[in-house]
Each structure stands twice: as C-alpha cells, then as structure tokens.
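The values are calculated or read from the model by the stated rules, or taken from the named source; none is laboratory data. Worth saying up front: this structure is predicted, and the values here are computed from it rather than measured. Glycine gets a Cβ as well: all are built from the backbone with ideal geometry, and neighbour counts include every protein chain shown.
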Amino acid sequence: MRLANKLAVITAAASGMGRAGVELFAREGAQVVAVDVNQEALGVLVNDMSAKGFSIKTVVADLSTIEGAKNSINQAAELMGGIDILWAHAGTPGPEGVENLDLQGYQKSIALNVDSAVISAGEVIKHMRQRGGGSLVFTASISGIVGSRFSPTYSAAKFAVVGLAKSLAQTFAPDNVRVNVVCPGLTDTPMAIQFTSRKGDKAEAEANEKALLSAVPLGRLCQPQEVAHAALWLASDDSSFVTGVELPIDGGFTCR
C-alpha cells in the first residue's frame, strides 16, 4: 500500500474528485480526515466508506473564511495526531467574466481558491515538520496553465495557486515537504456545468462542452478517479523527487 501509516487530509472531500481521493487514499493505507462545508454529504461519505470497510474522520468547515481554513487543518491534526499529506482541493468557478463583475462572488471565489490555499499551507507546515516531512498537493486547473475564455477570474485564481506551489516547493524543501499541483481538465462532476454555463443552461453547457472536448486529443471528459490517482502519486513516495510541478490531467488539452 502506497500510503501505509500516513495521515492524510483532503478538503472539498464530500463529492467529485475529493470524494474519489478519500476512497483511494484510504484503500492505499492512509488514515483520512475528509473536510467539507456540507455536513450532510460528509455523513453520507462516512457511511459509504464504512460499508466498504474503511473508517474515516471528518471536519465540517467553510474554507472561504480565514477561521474555517485555519481551524480545519488544526482540527484534522488533532484528530489524527499529525499530518503527512494535505490535498488542498477546495475551489469554485466564480463569476463568468469581468464586465459588470459580481464583486461579492468574485471575492468569495478568491477566498476559496487562493486564500484557503495560502492559509492551509501556512497552518499545515508546522504539522509536517513535526512528522519529518510531507506532501502538499493543491488542485488548480488547466485554467491555471492556459487562459480560459470562459472564466478569466478562475484562471487568475488558479494561476495564483500554481505560482504559490512553485514558490512553496522551494520554501518548504529544507523541511522535506514537497509541494505540487494537479491541474484537471473538464471533469465529470456535479460542478462541471458551472464551468460550461454559469446560468445552468443545459443547451449552452452542452455546446460549450462540445467545443472544449473538440480540443482534447483523447476526446472525452476527465473522470474524478483519474485526478485522484494523480494526487495519490504526488502524495506518495513514488514521486519522492518531484516538487514544484503542475501536472495536467487533461487528455492532452495543454500539449498543443
């Protein structure tokens, strides 16, 4: 098992890619704390994991707030007695464009996408130092590698996450803490429609999805478990000499 005896925290863990990560990390031997704002969905996750023979712990937190981002890390460390791995997966598409910008929505998206990453990293490093090192994995997006015409503010946020990771990879290297980023393409999750149509318009979403997939050499959506497997590799000792990397999981979209 690739994560035997490791203490792992996954944020935005109650659905989609984060949920896939909880199951995969537990299957690979880690103790897992799942963090999410949705208490009901966390309860469903706990029951589902129990039915599969796994026991996980949970923390309910709103990571768009400073207190939520800080406390979630320290509560998770208290529950497990430390942290070796953090997959900081929380994020949101945010507003569509910059004209007539919804400032409140924009500020909340920056808080969740960027501020929570900065705060979580600042809190988790002390716990990883106590364990002699660790692996910090952020979720960005292909929109953090190439600009998105659908979502310029999301691109701005995810470019910031990629830059943060590259900087922290250097800052935290003396502590034996590696810092990397997974960058999914459009992924088959409930959130996908928020990227392809902010209004939730099915016809618009289908048209935009078709346009996006036409630029994907493998010609399909990413699946949540494919992102989870990439995060697992970066979290595990299999990638022990990998740090400061933004890893696209995009079917070839960014290779053009």
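Just one of the listed residues (Glu99, Glu40, Glu123) is at pLDDT 95 or above, at negative phi and either surrounded by fewer than 18 Cβ atoms within 10 Å (Cβ to Cβ) or in contact with a strand residue (DSSP E or B) (Cβ under 8 Å, 6 or more places away or on another chain) (or both), and it is Glu40. All conditions in (1) crowded, with 21+ Cβ neighbours inside 10 Å; (2) not hydrophobic (A, V, I, L, M, F, W, C); (3) not in a helix (DSSP H, G or I) hold for Tyr154, with the sole exception of (3). Scanning region 20-77 for residues that are touching an Asp or Glu at 6+ places or on another chain (Cβ under 8 Å), among the charged types (D, E, K, R) and within 20 Å of Asp115 (Cβ to Cβ) returns a single hit, Lys70.
For region 36-58, the criterion of being within 18 Å of Val161 (Cβ to Cβ) and touching a helix residue (DSSP H, G or I) at 6+ places or on another chain (Cβ under 7 Å) is met by none of the residues. When Ala156 is tested against the conditions (1) at pLDDT 95 or above; (2) closer than 24 Å to Ile85 by Cα, the lone failure is (2).
Selection over region 123-151 of residues that are of a type in the set (Gly, Ala, Ser), part of a loop (DSSP other than H, G, I, E, B) and touching a residue at least 12 places away in the same chain (Cβ under 8 Å) gives a count of 5.
Total residues in region 157-171 satisfying the condition of being free of Cβ contacts under 8 Å to residues at least 60 places away in the same chain, surrounded by fewer than 22 Cβ atoms within 10 Å (Cβ to Cβ) and within 15 Å of Ser135 (Cα to Cα): the figure is 3. Only helices (runs of 4 or more DSSP H) whose full extent lies in region 170-256 are considered here, and the ones with at least 1 residues that are under 19 Å from the mean Cα position of the chain (by Cα), polar (S, T, N, Q) and at negative phi are 192-196, 224-235. Of all residues in region 113-153, those being more than 22 Å from Phe25 (Cβ to Cβ) and under 14 Å from the mean Cα position of the chain (by Cα) number 7.
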